[in-house]
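S.K.: Following this message is one structure expressed as structure tokens.
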Amino acid sequence: MTQAVSKSEGRPRQHGGAAYDVAIVGAGPAGATLARLIGDRYRVLLVDRRPLDLPSVLGEAGKCCGGLLAPDAQQVMGQMGLGLPQSVLVSPQLFVVRAMDLPSGLERYYQRFYLNMDREKFDRWLVSLVPRCVDSRYRTQILEYRRADGDSGFELTMRTGRVTYTERARVLVGADGAHSGVRRWAFGRHATKTYVALQEWFRVEQSLPHYTAIFDPAITDFYVWTIPKEDYLLVGAAVPRQGARERFGLLKARLMASGLALGQPTRREGCLLLRPGRPGQLALGQDGVALVGEAAGWISPSSAEGISYAMRSALALADAMGPGLEGCVARYRSATRGLAANLLGKRLKSVVMYSGPLRRMVMRSGVMSAGPITLSG
């Protein structure tokens, strides 16, 4: 047998014989929330490849995310009794969205209340709330999944540093994002449409006081954004996988043509992004495997907002595990029907947002817009 360091014990422990009740792969908002909610009831293993036990610095390589906490996510955090620490927030705080339809030149401002944050610090704060009795393994890679003999659940072969070892768990939870290894192993390819999210960081002398949502079908039929963050401006887009870099280059060229000065990026990020078309495309799990967050397809098809869905799906699975692990996946399916209906509503909203004629009609009407806004220094 081999040794690895466990956060819950703070010292080397022997691996290979002991079994966990629940193994959670991925310690983002979905995985960390689930571990926090069930950690005192079950013996939980939490695994993530990232160095979430080490501090982060704004502007260094991290998750490809705009780092805005939307009102839906704020609401679910409030329901769970959580409030963001000041150390997670970054300036400026944003109260207005600038919508730009590049083909027509139309612009509108809409009042929205987002919390602007450092996403890497946010994830580290969430894992800091996980009970110490949870065995948290960071900088750890899963090498192989397999079903254990008999009814003993699952075996996970993993590597922490240079140490390779195997752990067992009764229930396996995939909280490992759009490119979920758990989902691919248990259920194969996801039926949901896949995009590539690309984002670059640019140093700026003065931050813009708003978040910008950009629409241009030549770039993508999905989400494009610019977000100010301290001394940086984030430029990002969810683009089809074919020709992704060329489309992103076109975005930057058109932004510069519209008057936005962009120098050389200081940081580049990218990841896969799902866009569910209907609730039937969700992969929630079966046979002792459950999926939460974007691994299951929980992400807004209109704005690509995923933190609220990650937390709500984790909360639903935690509640489903309340009576016991037996039958928890079936109870999880039942508990998320309302969340699936919410997802369908966002899909209907996206039809209006990403249809050029409908979007321009709404923008010209001024419905729900904040009216003329003067942006002063």
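The values are calculated or read from the model by the stated rules, or taken from the named source; none is laboratory data. Small disclaimer: the values here were computed from a predicted structure and weren't measured. Glycine gets a Cβ as well: all are built from the backbone with ideal geometry, and neighbour counts include every protein chain shown.
S.K.: Quick one: VAL329 ticks every box in (1) of a type in the set (Val, Ile, Thr); (2) outside any helix (DSSP H, G or I); (3) closer than 29 Å to ALA175 by Cβ bar one, so which box is it?
M.R.: So the condition that VAL329 fails would be (2).
S.K.: Follow-up question, since we're still on this one. So which residues in the stretch 284-293 are surrounded by 24 or more Cβ atoms within 10 Å (Cβ to Cβ) and either among the small types (Gly, Ala, Ser) or in a strand (DSSP E or B) (or both), if there are any at all?
M.R.: Residues satisfying the conditions are GLY285, ALA290, LEU291, GLY293.
Quick grid of which residues meet (1) at pLDDT below 95; (2) crowded, with 21+ Cβ neighbours inside 10 Å; (3) within 17 Å of the chain's Cα centre (by Cα):
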residue: GLU205; (1), (2), (3): yes, no, no
residue: ALA213; (1), (2), (3): no, no, no
residue: GLY236; (1), (2), (3): no, yes, yes
residue: VAL239; (1), (2), (3): no, yes, yes
residue: LEU273; (1), (2), (3): yes, yes, yes
residue: ARG278; (1), (2), (3): yes, no, no
residue: ALA295; (1), (2), (3): no, yes, yes
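S.K.: Here is a check on your reading of the model: is GLN75 under 30 Å from LEU358 (Cα atoms), in contact (Cβ under 8 Å) with a residue 60 or more places away in the chain and not in a strand (DSSP E or B)?
M.R.: yes
S.K.: When you scan the stretch 190-200, how many residues do you find that are surrounded by 19 or more Cβ atoms within 10 Å (Cβ to Cβ), part of a strand (DSSP E or B) and out of contact with any Asp or Glu (no Cβ under 7 Å at 6 or more places or on another chain)?
M.R.: 5
S.K.: So, in the stretch 40-57, of the ones that are more than 18 Å from the chain's Cα centre (by Cα) and in a loop (DSSP other than H, G, I, E, B), which residue ends up modelled with the lowest pLDDT?
M.R.: Top of the filtered list is VAL57.
S.K.: Would you call GLY270 in a strand (DSSP E or B) and at negative phi?
M.R.: On the way: in a strand (DSSP E or B): yes; at negative phi: yes.
The answer is yes for GLY270.
S.K.: Oh, and also: What are the pairs, 6+ residues apart or on separate chains, where a residue within the stretch 95-114 that is touching a residue at least 12 places away in the same chain (Cβ under 8 Å) and outside any strand (DSSP E or B) has its Cβ under 7 Å from a residue that is basic (Lys, Arg) and surrounded by 16 or more Cβ atoms within 10 Å (Cβ to Cβ)?
M.R.: These pairs meet every condition: LEU102/ARG254.
S.K.: Checking ARG275 against (1) of a type in the set (D, E, K, R); (2) touching a Pro at 6+ places or on another chain (Cβ under 7 Å); (3) closer than 21 Å to ARG331 by Cα: exactly one of these is not met. Which one?
M.R.: Among (1) of a type in the set (D, E, K, R); (2) touching a Pro at 6+ places or on another chain (Cβ under 7 Å); (3) closer than 21 Å to ARG331 by Cα, the lone unmet condition for ARG275 is (3).
Condition check ((1) more than 18 Å from the chain's Cα centre (by Cα); (2) surrounded by 22 or more Cβ atoms within 10 Å (Cβ to Cβ); (3) at pLDDT below 95; (4) of a type in the set (D, E, K, R)) across all residues:
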position: SER136; (1), (2), (3), (4): yes, yes, no, no
position: GLY150; (1), (2), (3), (4): yes, no, yes, no
position: THR164; (1), (2), (3), (4): yes, no, no, no
position: ALA169; (1), (2), (3), (4): yes, yes, no, no
position: ASP176; (1), (2), (3), (4): no, yes, no, yes
position: ARG183; (1), (2), (3), (4): no, yes, no, yes
position: GLY188; (1), (2), (3), (4): yes, no, yes, no
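S.K.: Would you check which residues across the stretch 126-136 are touching a strand residue (DSSP E or B) at 6+ places or on another chain (Cβ under 9 Å) and part of a helix (DSSP H, G or I) and list them?
M.R.: If the condition is that a residue be touching a strand residue (DSSP E or B) at 6+ places or on another chain (Cβ under 9 Å) and part of a helix (DSSP H, G or I), then VAL127 is the only one that fits.
S.K.: Here's a follow-up. In the stretch 201-235, which residues are touching a helix residue (DSSP H, G or I) at 6+ places or on another chain (Cβ under 8 Å) and in a strand (DSSP E or B)?
M.R.: Within the stretch 201-235, ILE214, PHE215, VAL224, THR226, VAL235 meet the criteria.
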